[in-house]
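The values are calculated or read from the model by the stated rules, or taken from the named source; none is laboratory data. These numbers were taken from a predicted model, which means no experiment stands behind them. Methodologically, a virtual Cβ is constructed for each residue, glycine included, from the backbone with ideal geometry; neighbour enumeration extends over all protein chains shown. All accessible areas refer to the heavy atoms of the entire protein, side chains included, with ligands and DNA or RNA removed. Shrake-Rupley method; radii C 1.70, N 1.55, O 1.52, S 1.80 Å.
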Amino acid sequence: MLCKASDSQKSPEDLLRYAEEIQYFYPDSAIKIFQYTQNIGQKDNDTLLTIRSLVSYAGLQAHQANFGPSYDAYWEAMILAEKLGQIEAKARVYAGLGWLYTLYERKKTSEDFFLKALHCIKKDSSQYEGKVQFLTDTYYALATLNRKVNNIEIARRYLDSCMLQNKKGLDGYANQLFVGAEMGHTYFLERDYEKALSILLPLEESFQQGHPAYMVMFDFLLGQIYFEKNHFKKAEEYYLNSLKAGKRHQTHTDIIPEVYEHLAELYQKIGRNEEAFTMLKTAKELNENIFGSRSVKNRQFIEIKDMYRLKQEEQAHLLQQQKLERLEHEDKIWHLKTIIAYTAVIFLIIIVFISYRYFLTKYRTEKKMLHERQKLEESKAKEVLEVKNKELTASALQVIQHEETLAELKKELQEQKNNPDKNKLNKLAKSINLNTSQNWREFEARFVEVNGAFYKNLKQAHPNLTQGDQKICALIKLNFNSKEMAKLLGISTESVHTTRYRLRKKLGLQRSDNLEEFIANISS
């Protein structure tokens, strides 16, 4: 049954938060709400809601010393968290189990669970609301745990970690009250009672208003301090207040027997022996009820623990056996696959090697044949060019010889002075000049036919050359000497030398540069 009729209209998340707020004021109602939201989560396949409900339910049961139901709920939540793979959920279960084992005085196991919770949360790189608070809570739990076994320095280091997390973005976080209370507790253990009171008393009102359920612990601590200061009346007052808070809020049940024991010690010290005996008897009964071997709750806790352990060991053994059989089977299959794979790879390598050798040989043969063919074609082209150049040279030499013949004939005619026929002589001389020009044009045409691109390349490289310069370049390419050039061009040898000198300057050649080599390198 919910606390109010209107609560049934709230969402499961709102109900869960509401139950967490009222759990220390109305624990029975909170437990019913936790069970209700757990059922809703299971029905709607909302695993996170189910886990949160189980953890909150387990925590409240642990505070009421109902260890069996608490243990059962925590491990049910752990199984769900493992399946879900949700790191935050696993961390919260680990932290809850840590508190549970703390209440049952299993310090080493408790510390292991708290450290697992820290490891989970720290390795989770995601950021979400409540992460800093969770870290602070866990550091606080470790501080409390170490304080209980008198590891004061370690406890204070964890408290410092709490304060550091608080500075990172948890302004006003309520747990700073609890951190202060723990700090005061450490000073009490060091017998610095004034320092402890200076820290604790300013916190008293805040705890009464905001966390009245914690007054079980807080008043008990103040009672111990005043007892050590021999302020027995004040100590009695705080001890009784602690018992009232425990009865009112039904929480921190594990502390109540210890309060009775201290109250018995106080009564004995002030001579109220009958009351001391009553308090001691009550403490013993409560201790037996909560922690004793005959306790029904304790037996349930141990039975659940043993059943879970045995079941886990049985499942682990069965899984290990199945895994071993599967591995053996997989090993055989893997061995067979390996043999097949190696055989296939070797066969493939042989095929690839043979194919490679075949294509490599074929490629080399074709390349060699192509190379030989190219060499043959180049050789033929060179031979043709040489033949044509030889023909051209022969033609040029014929022209030169013809020129020499004509020159001699011209000379003889001019020397005839007896009975000269001037018209006839002039006509003959003119005919000789025309024939010379015609011979050069024929030679030039044949030169261009054989060395097609010579003139073109020459003009592109040196556009400032005259036709006479170009003729000289052509004759140089054919390896004519100056005398042969003079006869072919109908000029003097000195003129050829002069033309060659001017040509070198136009071509930009130095004294050390060879003109014949330069002309020969011009592409034809």
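A few comments on the model shown:
- The single condition among (1) at pLDDT 85 or above; (2) within 15 Å of G180 (Cβ to Cβ); (3) crowded, with 21+ Cβ neighbours inside 10 Å that R156 does not meet is (3).
- Members of segment 197-221 that are in contact with an Asp or Glu (Cβ under 9 Å, 6 or more places away or on another chain), under 11 Å from H249 (Cβ atoms) and surrounded by fewer than 19 Cβ atoms within 10 Å (Cβ to Cβ): none
- Candidate set: segment 241-272, residues that are hydroxyl-bearing (S, T, Y) and part of a helix (DSSP H, G or I); chosen: the one farthest from A65 (Cα to Cα): Y267
- Only one entry in S8, S70, S110 is modelled with pLDDT under 85, touching a helix residue (DSSP H, G or I) at 6+ places or on another chain (Cβ under 9 Å), among the polar types (S, T, N, Q) and surrounded by fewer than 17 Cβ atoms within 10 Å (Cβ to Cβ), namely S8.
- Filter pass, I302 being at pLDDT below 90 and open to solvent by less than 80 Å² (accessible area, probe 1.4 Å): yes
- Scanning segment 350-361 for residues that are open to solvent by less than 100 Å² (accessible area, probe 1.4 Å) and of a type in the set (A, V, I, L, M) yields I350, I351, V352, L360.
- Segment 45-54 - residue that is surrounded by fewer than 23 Cβ atoms within 10 Å (Cβ to Cβ) and in contact with a helix residue (DSSP H, G or I) (Cβ under 8 Å, 6 or more places away or on another chain) and, of those, farthest from R92 (Cα to Cα): D46
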